[in-house]
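A short worksheet on the structure shown next.
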Amino acid sequence: MAISNSRARQSAPYGGCARRVHARQQVPGWASCKQNTPRMASVARGAWLFLLNNDAVAAPDAIAERLMTFAADRPAEAGMLACRVVRYEEPHFFDSVGLLLYLDGVCRSRGWEEKDIGQYHRSEEVLAPHGCAGAYRKAMIDEVGPFDEAYFAYLEDLDLGMRGQLAGWRCWYVADATVRHRKSSTFGNYSTFKAYHVERNRIWNAVKLLPRFILLVSPLFTLNRYLLQGYAVATHQGLSSDFVKEYSYPRSPCCSCARTPPRSCACRRCSPSDARSRAAAAPHHHRRVVSAHQSLQARRDRAGPQALSEPNAETNASAQGGPDAP
């Protein structure tokens, strides 16, 4: 979106200025979509552009009243404004309050998955805004260029923010400009598409933005990150574990399959048509449970529906401690 805060005669004045919102046209690729910032800059007659993801919702006062009022009190070198981004479903948990740079070219959201206990209630300088919601000064876009279309998706926000920082522009986190975000709802939290583009684009970021002496040692940081991800997989924690569950072959059992026969599990992976193939790939103790369950089900099918309502005589004798009870 392009935000115009010009003093021209418009319909919604705020503090002597007016704001207009111009919807962008959809084009292939998220970075390509953001590549329309020069066109939006030509439409907007003000000093700022505000970009909002299709899976994010800004508070009614986040743009005009919070961001632009904050920007009016900042020095001219303030070229970016980061929002207070929270989870859409759980707004008491943070999604991002700015970006952090890891020294192999990847970025991490500052405050990600932290519970809101007031630790980010003050506005302060940060590296760059999260790509789901952020304001960019028009003069900065004119100087350093828009989002790099070659990135297509992921880490393009870090690239633009770092280019702005290297050109002398600064970024501020605005604590009272709230945006709710459904993280990775377009491509998924863990997907081969996301994994490929994040790894490719972080290499581009490292080559483009990092000093050469840091670039030489960046493989060590990458190795450390991979080791941490491997530990997360081994301990069944985080997105790395979810990625392995989704894409390993044979696929790992879902939440309840390790303890429950597949026929009684209602999840997508455990439909009755797939129970036999999953049972063959399951651990030995799980196969025994599945086999016993399938044998019991076959006996019930042969006995007919009456067997489901009438108790079995042998079972009753065993329960009552009869002479044939084991």
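Every condition in (1) buried (at least 17 other Cβ atoms within 10 Å of the Cβ); (2) out of contact with any helix residue (DSSP H, G or I) (no Cβ under 9 Å at 6 or more places or on another chain) is met by Ala139 except one, and the failing one is (1).
Counting only helices (runs of 4 or more DSSP H) that fall entirely inside segment 29-91 and contain at least 3 residues that are modelled with pLDDT of 90 or more and buried (at least 16 other Cβ atoms within 10 Å of the Cβ), the qualifying elements are 68-72.
Only one of the numbered conditions (1) touching a strand residue (DSSP E or B) at 6+ places or on another chain (Cβ under 8 Å); (2) of a type in the set (Phe, Trp, Tyr); (3) farther than 14 Å from Ala78 by Cα; (4) buried (at least 19 other Cβ atoms within 10 Å of the Cβ) is violated by Phe147, and that is (1). Among the criteria (1) at pLDDT 90 or above; (2) farther than 13 Å from Gly105 by Cα; (3) within 20 Å of the chain's Cα centre (by Cα), the one Arg202 does not fulfil is (2). The residues on offer are Tyr154, Tyr136, and the sole one that is hydroxyl-bearing (Ser, Thr, Tyr), on the phi > 0 side of the Ramachandran plot, in the same structural domain as Gly98 (by TED's automatic domain parsing) and in contact (Cβ under 8 Å) with a residue 12 or more places away in the chain is Tyr154. Candidates are the residues of segment 95-112 that are assigned to a strand (DSSP E or B) and hydroxyl-bearing (Ser, Thr, Tyr); the one that is surrounded by the fewest Cβ atoms within 10 Å (Cβ to Cβ) is Ser109. Pairing residues of segment 196-221 that are under 14 Å from Leu101 (Cβ atoms) and not assigned by TED's automatic domain parsing to the domain that holds Asp148 with residues that are of a type in the set (D, E, K, R) and modelled with pLDDT of 95 or more, at Cβ distances under 6 Å and at least 6 apart in sequence or on separate chains, gives Asn205/Asp159.
The values are calculated or read from the model by the stated rules, or taken from the named source; none is laboratory data. Please read these numbers as outputs of a predicted model, since none were measured by experiment. Methodologically, a virtual Cβ is constructed for each residue, glycine included, from the backbone with ideal geometry; neighbour enumeration extends over all protein chains shown.
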